[in-house]
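Trainee: Before anything else, here's the structure in question.
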C-alpha cells in the first residue's frame, strides 16, 4: 500500500476558531473533509476513508492507522477513486458518525500547520502538526487561543470524536 510509514503528530485544543481575517493573515487554505471510520476488529488497525475538497478538486483516500506509542502511529494510506469510496462506505462502523471538518492549512516556522474546525462533532477546534521526531516540540503561531496540548488524550483522537 502506498504511503506506508510512521506518523508523528502533536495536537493542540483551541478555545474556538480563528476569525476569517486571522486565517487569511496566516495564509490558510481551506479543505473540506468528510471522514468515515470503517468497522473492524479490536486488534486490527483503525481503517478510515476520507473525501476532501480543495477548491474545485475532490480527492479520496483509504487509511489504516495503528498505535505504536505516545504520539507515534503506523500509517498506511493510498488514494482511491469515488467508486471505491462509495463501496467502502458500506463498511462504515455503525458506532461512529462521519466526521465533517474544515481543515485550514498554512505554513509557520518551517512547518505545515493543520487547523481543524469541526462541523461534526461541533465546537471542536484542533491544531495538528506533523513532526520528524517524537521529542520535537514546535513553536505555535501567535494569536491562536491554545488551551492545552492533547496529543496523547484519546478524547481528541478523530476515531474517538466519531463515536455517537
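The values are calculated or read from the model by the stated rules, or taken from the named source; none is laboratory data. Keep in mind it's a predicted model, so treat the numbers as computed, not measured. Heads up, the Cβs are rebuilt from the backbone with ideal geometry, glycines too, and the neighbour counts pull from every protein chain shown.
Trainee: Within segment 76-93, is there a residue that is under 30 Å from residue 147 (Cα atoms) and at pLDDT 95 or above?
Mentor: no
Trainee: Please verify whether segment 128-150 includes one or more residues that are touching a strand residue (DSSP E or B) at 6+ places or on another chain (Cβ under 6 Å), under 17 Å from residue 32 (Cβ atoms) and in a strand (DSSP E or B).
Mentor: Checked against the condition, which is being touching a strand residue (DSSP E or B) at 6+ places or on another chain (Cβ under 6 Å), under 17 Å from residue 32 (Cβ atoms) and in a strand (DSSP E or B), segment 128-150 yields at least one hit.
Trainee: Tell me whether segment 106-117 contains one or more residues that are loosely packed, with under 11 Cβ neighbours inside 10 Å, touching a residue at least 12 places away in the same chain (Cβ under 8 Å), in contact with a strand residue (DSSP E or B) (Cβ under 8 Å, 6 or more places away or on another chain) and not in a strand (DSSP E or B).
Mentor: The answer is no, given that none of the residues of segment 106-117 is loosely packed, with under 11 Cβ neighbours inside 10 Å, touching a residue at least 12 places away in the same chain (Cβ under 8 Å), in contact with a strand residue (DSSP E or B) (Cβ under 8 Å, 6 or more places away or on another chain) and not in a strand (DSSP E or B).
Trainee: From (1) within 30 Å of residue 25 (Cα to Cα); (2) under 14 Å from the mean Cα position of the chain (by Cα); (3) modelled with pLDDT of 95 or more, pick out the condition that doesn't hold for residue 111.
Mentor: (2)
Trainee: Filter segment 118-127 for residues that are assigned to a loop (DSSP other than H, G, I, E, B) and modelled with pLDDT of 95 or more and give the result.
Mentor: Across segment 118-127, the qualifying residue is only 124.
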